[in-house]
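The structure appears below as structure tokens.
Derivation of every value follows stated rules applied to the coordinates shown; laboratory data play no part. Computed from a predicted structure; not experimentally measured. Note: ideal-geometry Cβ built from the backbone for every residue, glycine included; neighbour counts use all protein chains shown.
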Amino acid sequence: MSDRLTDALLDLAPGEPLTVGQAFEGICVFGGTGSGKTSGSGRALATAMLKRGWGGLVLTAKPDERELWERYAAETGRSADVRVVEAGGDATLNMLEYEHKRNGREASFIEEIANVLNSAITAGSPQNAKGSTDPFWDFSTRQLLVNALDLLALSGEPLDLFETTRIIRTAPLDRKGADDAEAYAQAETEAELDAWRKRSGATNPTAFERYLRLAYRRWSNDPEIVAKAGPLSDERKDDLLETRNYWFSDFVNFDPKTRSNVLCVLTSKTSGLARSPFRRLFSSETTVTPEDTFAEKNPKILILDLPYKKFGETGRFAQLLFKRVWQRAVEKRGNVGGPVFLWADEAQYFATKEDALFQQTARSSRAATVYLSQSVPNYRVALGESGDSTNATDALLGNFQTIIFHSNGCPGTNEYGQRLFGEEMRTTTSASQGAAGLGVSTSANYFPVLPANLFARLKKGGVANGLQVEAYVFQAGRSWGTNGGKNWLKTVFLQSGATNGSGRDASPPPLPSKRRFSFM
């Protein structure tokens with residue numbers, strides 16, 4: 001069985017399929033609390049992808065989402081393919097070392113790894129989005145990350161977020177500290193080490209000093225270090241000079257207040273991952289990788305059971321970082337493996353500006369992104385927008401070609417839906433009474449195709465509604481044949497336990513597990 005772009009993933013209505021190719025173009029679901037978005041369209045989409053044998057990554061905001069996905073997997077015969085990344089579990093990924101080994105140890109990849117970290121660090125907080133557009137802070141944070149990561153890489157030691165944070169925290173803050181660090185790094189004899197101890201007043205070196213010393217020893221072809229990490233090429237020696245200049249010139253000469261602010265932003269995000277239980281999950285050995293989700297046989301469903309509602313900002317940051325590493329692996333895999341999905345309910349906690357870029361090529365990467373959220377304003381807050389600025393939100397939502405609207409009481413979301421479906425010209429008739437008698441006139445005016453108030457009237461499911469969840473569906477460029485060629489479709493998703501009128505569960509049967517992907 002092939003996964004062709006034209007194959008039906010599920011039927012949105014009789015004769016109106018959502019195809020595999022359309023899923024790859026992104027699916028965004030809106031619905032207020034209790035609207036049935038998770039149990040309606042969410043359940044239908046999730047089980048349809050699982051039944052086709054797709055692997056994927058599930059981000060979690062609520063503590064019960066793991067249980068929900070384990071139930072989906074059991075219903076679709078995929079329980080054996082579930083891997084859970086959880087506190088105390090055996091599924092671990094040292095994300096920085098994974099990226100380093102996968103891409104090589106050249107300086108350009110250090111830049112890429114820093115970008116991965118920085119995108120997660122600077123993602124707007126759902127609790128405190130400032131909306132700042134000043135690029136200085138992003139640039140300064142990224143520059144600090146690049147030089148900390150590269151010092152660790154130049155030392156020949158494995159990349160590790162915990163050690164990267166230690167380098168940043170122990171870096172010299174003034175000229176004396178820089179001179180002390182240089183003295184330790186260049187010491188070759190016990191007498192020189194004694195002189196360093198006397199001048200610095202320290203007994204043991206800091207993490208920064210230790211890694212700088214290892215990098216210098218690689219430079220000088222120390223047999224012990226070279227045997228372990230290899231010699232430094234001429235290009236990497238130049239990189240070491242640049243890194244040294246940053247720490248001993250730029251960093252120590254920063255305005256103390258500015259430097260303190262940058263350090264505070266960075267360490268407030270990364271310090272949580274250096275503590276239990278996150279340190280073991282992301283700074284130890286690697287037992288699970290993004291490639292597991294698009295393996296040729298038995299692709300995995302990775303559930304990140306680190307819900308925001310339980311682990312707070314650290315759980316969110318960990319998932320943002322994992323998501324970005326996964327997206328990069330999916331983009332670079334070429335024709336390896338089958339289709340995959342990225343799933344986020346309460347997606348506002350995990351949305352970043354990079355998602356819009358990922359969506360632009362998701363179809364060719366055979367990746368279906370499904371984001372569920374209550375409202376459009378949720379994304380604006382998450383992406384750090386304020387006032388009249390909507391550029392980042394528009395860029396993200398504009399790259400989802402299928403948008404499903406469930407019942408909603410949010411005026412901003414309902415008005416967004418009204419604008420999305422557009423306007424149509426209608427002829428209206430009016431009557432007036434004048435001296436000459438009754439007059440009738442007609443005029444043509446534009447009216448919303450779906451007025452905003454209609455979105456609040458949709459059925460929410462539950463016993464009172466026969467377990468039926470109503471929704472309006474928008475797809476860019478699509479005219480719905482069963483709705484007279486209009487650009488909107490009103491459909492019904494059945495909740496678990498509902499039947500399609502024949503006494504059978506409404507879910508489609510599983511497809512054969514042996515398949516090959518085809519673009520035909």
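Set Lys and Arg Cβ to +1 and Asp and Glu Cβ to -1, take the dipole of the chain about its Cα centre, and tell me which of ALA185, ILE110, THR402 lies farthest positive.
The residue sitting most towards the positive pole is THR402.
Per residue of the stretch 35-41, in order, report the coupling 6.51 cos²θ - 1.76 cosθ + 1.60 (Karplus, θ = phi - 60°) as ³J(HN,Hα) in whole Hz, putting x for Gly and Pro.
Once rounded to whole Hz, the list reads 7, x, 5, 6, 7, x, 5.
Would you mind checking the radius of gyration and Dmax of the chain based on alpha-carbon positions, in Å?
Values for the chain (Cα only, Rg and Dmax): 27.7, 115 Å.
What does the highest-first list of 230-243, 331-344 look like by mean Cβ count within 10 Å? Can you show the working numbers first?
Values: 230-243: 14.5, 331-344: 18.4.
So the peptides 230-243, 331-344, ranked by packing, come out 331-344, 230-243.
Using the Kirkwood radius over Cα pairs, work out the Stokes-Einstein diffusion coefficient for the stretch 227-273 at 10 °C and 1.306 mPa s, in µm²/s as a whole number.
121
Which Cα, out of GLY485, LEU266, TYR416, lies furthest along the positive dipole direction of the chain (beta carbon charges, K/R +1, D/E -1)?
GLY485
Compute the relative contact order of the chain as a whole-number percentage, counting only Cα pairs closer than 8 Å that sit 6 or more residues apart in sequence.
For the chain, the relative contact order is 28 percent.
Return SER271, SER441 ranked ascending by Cβ neighbour count within 10 Å, so the fewest neighbours appear first.
SER441, SER271
Any chance you could tell me what percent of the C-alpha pair distances in the stretch 95-278 go past 21 Å?
On the way: 8708 of 16836 pairs.
Roughly 52 percent, rounded to a whole number.
Give the separation of the Cα centroids, the stretch 1-62 to the stretch 275-321, in Å.
23
Once Lys and Arg get +1 and Asp and Glu get -1 on their Cβ, which of ALA382, LEU12, VAL288 lies farthest toward the positive end of the dipole of the chain?
LEU12
Counting each DSSP H run of 4 or more residues in the chain as -39500 (n - 2.57), what helix-only mean residue ellipticity at 222 nm follows after dividing by all residues, to the nearest 500 deg cm²/dmol?
-12500 deg cm²/dmol
Any lysines with Cα under 23 Å of the LYS300 Cα? List them, leaving off those in the same chain fewer than 8 positions away.
Qualifying lysines at Cα under 23 Å: LYS51, LYS62, LYS101, LYS323, LYS332, LYS514.
When the dipole is taken about the Cα centre of the stretch 95-278, and only Lys, Arg (+1) and Asp, Glu (-1) are charged at their Cβ, what size is it in debye, to the nearest 20?
That gives the stretch 95-278 a dipole magnitude of about 660 debye.
When we measure straight from the Cα of LYS237, which aspartates and glutamates land under 17 angstrom away, once same-chain ones fewer than 8 places off are left out?
Hits, sequence-local ones excluded: GLU106, GLU111, ASP150, GLU157, GLU182, ASP222.
Rounded to the nearest 20 Debye, what is the dipole magnitude of the chain about its Cα centre when Lys and Arg each give +1 and Asp and Glu each give -1 at the C-beta?
It comes to approximately 1460 debye.
How much FRET efficiency would the formula 1/(1 + (r/R0)^6) give for LYS310 and VAL449, where r is the Cβ-Cβ distance and R0 is 30 Å, rounded to 0.05? Write down the numbers at each step before the final one.
Working: r = 42 Å, r/R0 = 1.39.
The value I calculate is 0.10.
Note down the relative contact order for the stretch 95-278 as a percent, whole number, built from C-alpha pairs under 8 angstrom at least six residues apart. Each step should come with its number before you reach the end.
Numbers: 159 pairs, mean separation 49.8, N = 184.
Here the relative contact order equals 27 percent.
Using a Cα-Cα cut-off of under 20 Å, which lysines could be cross-linked to LYS198, ignoring same-chain neighbours fewer than 8 residues away?
List returned: LYS176.
Whole percent per 10 Å bin, from 0 to the bin with the longest distance: what is P(r) over all C-alpha pairs of the stretch 374-498?
Bins of 10 Å from zero give 11, 31, 30, 16, 9, 3, 0 percent of pairs.
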